[in-house]
Amino acid sequence: MATHYSGAAREVRALDAYIKLTRATETIDARLAARLARRGLTHGQLGVLEALMHLGAMAQCDLGRKLLRSGGNVTTVVDNLERRKLVRRRRGAEDRRVVMVELTAPGRRLIEREFPGHASAIGAALGGLTAEEQEQLGRLCRKLGRGAAELAEAEAAARAGDRARGAPLR
C-alpha cells in the first residue's frame, strides 16, 4: 500500500519506502514469531540466547545495546530465561555493579538446536529475493541504519547545545 499523503515529493517517496519496509519487516517478523512461539521462545529470548552463543558471556547492559533493547526489556527477557534455567547471572569479578549473563548447559543445548532452524526460516522468508538482491538489501539497510543513527546523534548534540545555552526544549 502506497501512501496517500500529498506532501513534498521527497517526503512522499520516503514515506512510501518506509511503509513498504515496515510492512515487509512486520510480515516476516510475524512468521518468525509464530515459529518461535511454537518452540516456547520470543524474538527477544532468541536474540539473547543467540548473542550469548556467538559472543560468550556479556554484561547485561552490553547485551541490551547489542540487541537494541531497553534496559528494562533486557531485564525482563533475562529474568524469564533465568527462570527457565537457560541463562545465569553473576556479578562482575572486577566491578560488582556489572551483571554478567551467560548460557547454562540447557540454554546452550536449546539455542544450538533451535538456531539453525531459525536461520533456515529467515532464508525461506527472504527467498523472494535473489542472492544479489539480499546482499543489496543488506547494504541498503546498513546505510539507512547508519544514517538514522548519525541523525539521532546530531539531534542529541543540538539539544545538548540548546540546554547549555538555556534555550527552550524542542
From Gly145, Gly138, residue being at pLDDT below 95, outside any loop (DSSP other than H, G, I, E, B) and outside the structural domain of Leu41 (by TED's automatic domain parsing) = Gly145
query = Out of all the residues in the stretch 122-159, which are among the acidic types (Asp, Glu) and under 24 Å from Gly47 (Cα atoms)?
reply = Glu135
task = Check whether at least one residue in the stretch 86-99 is exposed (fewer than 10 other Cβ atoms within 10 Å of the Cβ) and small (Gly, Ala, Ser), and report yes or no.
result = yes
remark   = Among Asp95, Asp29, Asp16, the single one that is out of contact with any Cys (no Cβ under 6 Å at 6 or more places or on another chain), in a loop (DSSP other than H, G, I, E, B) and not hydroxyl-bearing (Ser, Thr, Tyr) is Asp95
ask   = If Thr27 passes every condition in (1) of a type in the set (Ser, Thr, Tyr); (2) surrounded by 12 or more Cβ atoms within 10 Å (Cβ to Cβ); (3) under 30 Å from Gly128 (Cα atoms) but one, which one does it miss?
value = (2)
query = Quick check: anything in the stretch 57-76 in contact with a helix residue (DSSP H, G or I) (Cβ under 6 Å, 6 or more places away or on another chain), assigned by TED's automatic domain parsing to the domain that holds Ala14 and not in a helix (DSSP H, G or I)?
reply = no
query = Is there any pair linking a residue in the stretch 33-56 that is under 17 Å from Lys85 (Cβ atoms) to one that is surrounded by 15 or more Cβ atoms within 10 Å (Cβ to Cβ) and β-branched (Val, Ile, Thr), with Cβ under 6 Å and at least six apart or on different chains, and which?
reply = Gln45/Val77; Val48/Val77; Leu49/Ile111; Met53/Ile111
message = Can you find a residue that is touching a residue at least 40 places away in the same chain (Cβ under 8 Å) and either in a strand (DSSP E or B) or in contact with a Gly (Cβ under 8 Å, 6 or more places away or on another chain) (or both) anywhere in the stretch 102-125?
response = yes
message = Considering only residues that are assigned to a helix (DSSP H, G or I) and under 14 Å from the mean Cα position of the chain (by Cα), which ones fall in the stretch 33-56?
response = Ala33, His43, Gly44, Gln45, Leu46, Gly47, Val48, Leu49, Glu50, Ala51
Selected residue (only one of Ala125, Ala148 is under 18 Å from Ala33 (Cβ atoms) and either out of contact with any Lys or Arg (no Cβ under 9 Å at 6 or more places or on another chain) or surrounded by 11 or more Cβ atoms within 10 Å (Cβ to Cβ) (or both)) = Ala125
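The values are calculated or read from the model by the stated rules, or taken from the named source; none is laboratory data. No experiment lies behind these values; they were computed from the predicted model shown. Here the Cβ is made from the backbone with ideal geometry for all residues, glycine too, and neighbour counts use every protein chain on show.
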